[in-house]
1. Using a 7 Å offset from Cα along Cα-Cβ at Ser143, what residues in the stretch 113-134 end up with backbone N under 17 Å from the label point?
2. Express the accessible area of the stretch 136-281 per residue in Å², computed with a 1.4 Å probe while the remaining protein chains stay in the model.
3. For every helix of n ≥ 4 consecutive DSSP H residues, a contribution of -39,500 (n - 2.57) applies; sum these over the chain, divide by its total residues, and give [θ] at 222 nm rounded to the nearest 500 deg cm²/dmol.
4. What's the longest bit of the chain with no exposed trypsin sites (Lys or Arg not before Pro), using DSSP loop states and at most 12 other Cβ atoms within 10 Å as the test?
5. Between Ser61 and Ala232, what is the label-point separation in nm under the 7 Å Cα-to-beta-carbon projection?
6. Looking only at the chain, where both bridge partners belong to it, what percent of the DSSP beta bridges are antiparallel (to the nearest 5)?
7. Quick one: which residues, 5 or more positions from Val34 or on another chain, have an amide H under 5 Å from its amide H? H modelled 1.01 Å from N in the peptide plane, none for Pro or chain starts.
8. Place a +1 charge on the Cβ of each Lys and Arg in the chain and a -1 charge on the Cβ of each Asp and Glu, then give the dipole magnitude about the Cα centre in debye, rounded to the nearest 20.
Amino acid sequence: MTVQIYAHRGASEMYAEHTRAAYLQALAEGADGVECDLHLTADGELVLIHDDEVSRTSNGSGAVAALTLAELRGLDFSSWHGASIPPSYGTTSTQLLTLPELLKILGGAGRTIGLAIEFKYGAVFDPVLIEATFKTLRRHGWSPENSTAGNVMISFMSFHPAAVKYLAVHVPAKHLCQLLELIDGQDAYANQELVSLMRAAMAEGEQLLDDGVAHLAGPGVEYLRTFPEKAARWLASGRTFRVWTIDTADDVQLCLSAGVRELTTNKPREIRSRLAAERRI
């Protein structure tokens with residue numbers, strides 16, 4: 001069984017997540033695909049940032065949606081990580097990427113490469129982000145039937161079942177990934193109402209996998225470890241697994257024993273070496 005490696009926000013162990021350097025390093029390390037999160041700026045540009053706010057991954061503050069692309073370009077998104085960026089990977093001021101810029105980087109890989117786009121939502125689903133993404137991808141030659149743009153094979157992911165159901169109206173199930181995570185409601189300080197909402201959403205997501213609305217299952221590694229019987233059921237039904245975030249030898253062994261075919265990792269080179277030792281690549 002061949003196992004593919006997806007670089008989680010790029011090679012984010014080595015360089016700051018979602019940066020030009022992280023994605024160029026992922027390609028250099030031989031990743032089969034990369035993963036990204038998208039947000040819309042105040043002026044409608046699609047940028048690669050994980051959080052709603054910029055404070056964790058830059059020297060700025062504020063909501064992504066309240067800042068223009070020009071304002072975001074003025075922030076430093078890489079120095080917090082502490083890694084020196086080689087000149088071939090750009091300067092500090094060029095590390096923030098838009099979706100078209102990422103597509104250009106991947107288009108220059110010289111080989112087929114996967115792109116897993118994650119859509120993040122809170123309690124309320126709004127299709128504006130998805131529609132903006134579709135519009136941008138179409139300008140780069142993408143069509144939903146084969147979900148490719150040149151050499152880039154594109155899949156779409158979300159934890160939010162409403163987002164997956166919306167995507168399913170437009171994109172074949174084989175390109176859709178329902179993300180799943182282990183929800184711990186045992187903490188005495190946990191917001192039990194929020195925990196209940198998250199569990200209800202996760203149950204709906206599991207049902208979407210049961211029903212074949214999404215053909216890619218994207219559990220976190222702890223979810224896979226806790227619910228092996230669910231994984232076995234979906235694998236028997238023909239689902240493909242893309243598990244996150246696989247950074248240790250134990251995680252690799254768990255995934256291989258469960259029949260997982262796609263691993264999302266912050267360390268593509270290290271995980272590739274482990275798979276090579278197992279002769280799974």
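The values are calculated or read from the model by the stated rules, or taken from the named source; none is laboratory data. Computed from a predicted model, the values in this text were never measured in an experiment. Because the Cβ atoms are built from the backbone with ideal geometry, glycine has one as well, and the counts that use them run over all protein chains shown. Protein only, heavy atoms only, side chains kept; ligands, DNA and RNA dropped before computing areas. Shrake-Rupley method; radii C 1.70, N 1.55, O 1.52, S 1.80 Å.
1. It comes to 134, nothing else.
2. 48 Å²
3. Roughly -10500 deg cm²/dmol at 222 nm, from the helical runs in the chain.
4. Values: sites that count: Arg56, Arg111, Arg279.
Longest run free of exposed loop sites: 112-278.
5. Here the modelled spin labels are 5.2 nm apart.
6. The answer is about 20 percent antiparallel.
7. Hits under the 5 Å cutoff: Ala7, Gly114, Leu115, Ala116.
8. Working: 25 positive and 34 negative charges, 219 e Å.
Around 1060 debye, computed over the chain.
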